[in-house]
1. Do you know which of the residues in the range 37-64 that are within 21 Å of ARG173 (Cα to Cα), of a type outside the set (Val, Ile, Thr) and touching a residue at least 40 places away in the same chain (Cβ under 8 Å) is surrounded by the fewest Cβ atoms within 10 Å (Cβ to Cβ)?
2. For the list (1) surrounded by fewer than 18 Cβ atoms within 10 Å (Cβ to Cβ); (2) in contact with an Asp or Glu (Cβ under 6 Å, 6 or more places away or on another chain), I need the number of the one condition that VAL19 fails.
3. In the range 70-88, which residues are of a type in the set (S, T, N, Q) and either closer than 30 Å to LEU180 by Cβ or open to solvent by 30 Å² or more (accessible area, probe 1.4 Å) (or both)?
4. Please enumerate the residues belonging to the range 24-36 that are within 20 Å of the chain's Cα centre (by Cα) and either surrounded by fewer than 12 Cβ atoms within 10 Å (Cβ to Cβ) or under 17 Å from ASN60 (Cα atoms) (or both).
5. Those residues that are among the polar types (S, T, N, Q) and assigned to a loop (DSSP other than H, G, I, E, B), I need them from the range 45-88; list them, please.
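The values are calculated or read from the model by the stated rules, or taken from the named source; none is laboratory data. Only a predicted model underlies this, so the values are computations on that prediction, with no experimental measurement involved. Because the Cβ atoms are built from the backbone with ideal geometry, glycine has one as well, and the counts that use them run over all protein chains shown. Surface accessibility is based on the protein's heavy atoms, side chains included, excluding ligands, DNA and RNA. Shrake-Rupley method; radii C 1.70, N 1.55, O 1.52, S 1.80 Å.
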Amino acid sequence: MRGHGLPRVVAFHKPRGVVVSRVSERGAPTLFMLLPAEFRGFYAVGRLDKDSEGLILLCNDSRVAQRLMDPGVLPKTYLVTVRGLPSEAALDRLRAGGMELDGRKTRPAEVRRLGKAPRGGTRLEVVLHEGINRQIRRLFHALGHRVRQLKRVAVGPVSLGDLQPGELRELSREEVLQLLKEAGLLEKRGKLGGQEV
């Protein structure tokens, strides 16, 4: 924590082909290799698989980072392109929840059809309220539609905005406060862990 009691949080656009790990997997570059030295000690809030891109938050406080990545604390919004044209009945299965992954039932997801994609695909916006490994890819696979492209565009109140792959920006004090508030981390009278912010 800094003197004002707030953690530092960075929004980073993870490119495709990069792993969210401190150790390279099969020669793939890691997110931490791409960060300026000042941010390499930060903690990644959650993950995105190697083939996905988009918003990753990084925080200098491990306890806050852990709380922010707890399943269901913050909704995560994705732009998804799948092969084929999923039926409304198939999308309703995602909206209803209850599909089984890793021995547990999924929570309802928000799914909005955005239109057709080039080469016979469909573009969708998907909002998840939980965190299961490769959840979107696995759910659409179960529905018979392979995910061609997956991009996370928001985590709670923080959006990717116009950040290009490999770019980052540090969140303002107001953005950090909003993030902590939405995650239920701010106590009454603006305290975080008993400390004034």
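1. Selected residue: ARG63.
2. VAL19 satisfies every listed condition except (1).
3. THR77, SER87 - these are the residues of the range 70-88 that are of a type in the set (S, T, N, Q) and either closer than 30 Å to LEU180 by Cβ or open to solvent by 30 Å² or more (accessible area, probe 1.4 Å) (or both).
4. Selection gives LEU31, PHE32, MET33, LEU34, LEU35.
5. SER52, ASN60, SER87
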